[in-house]
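We did not get these values from a lab; they are worked out from the coordinates using the rules stated. Given the structure is predicted, the values throughout are model-derived calculations rather than measurements. Here the Cβ is made from the backbone with ideal geometry for all residues, glycine too, and neighbour counts use every protein chain on show.
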Amino acid sequence: MITKEVGLKTNTNETISATDFKAKCLGLLDRLPKDGLVITKRGHPVARVLPYSRISNASLIGSMKGKIVIKGDIFSTGVSWDADGQS
């Protein structure tokens, strides 16, 4: 039996006992809620099953363009250094 339980955050999470999850696993995965499913043992949460995110990494490329300002030389630590130890 799946029950709704108020989580620590403001959203609600669906919970199911480990025994029920084991018996109904394939069907539950077909209709997995957006926020996932919390699996419990003896009433205590032990795992969360989340739907796989299909966000492509390609969408991240260039997403910060125009939002970052570089000040100074990013390839320097600002400290003068000599590899021979002679400054």
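Per-residue Karplus couplings for the range 36-51, computed as 6.51 cos²θ - 1.76 cosθ + 1.60 with θ equal to phi - 60°, are listed in order as x, 9, 9, 9, 10, 10, 6, x, 9, x, 10, 7, 10, 9, 10, x Hz, Gly and Pro entered as x.
The H on the amide N of residue 17, modeled in the peptide plane, is under 5 Å from the matching H of 40, each at least 5 residues off or on a different chain.
Here's how it looks for residue 48: its modeled amide H is under 5 Å from those of 39, which are all 5 or more places away or on a different chain.
Between the beta carbons of residue 70 and residue 50, assuming R0 = 35 Å, the FRET efficiency works out to 0.45 to the nearest 0.05.
For the range 24-31, backbone phi angles converted through the Karplus equation (6.51, -1.76, 1.60; θ = phi - 60°) give residue-by-residue couplings of 10, 3, 5, x, 5, 5, 5, 10 Hz, Gly and Pro being listed as x.
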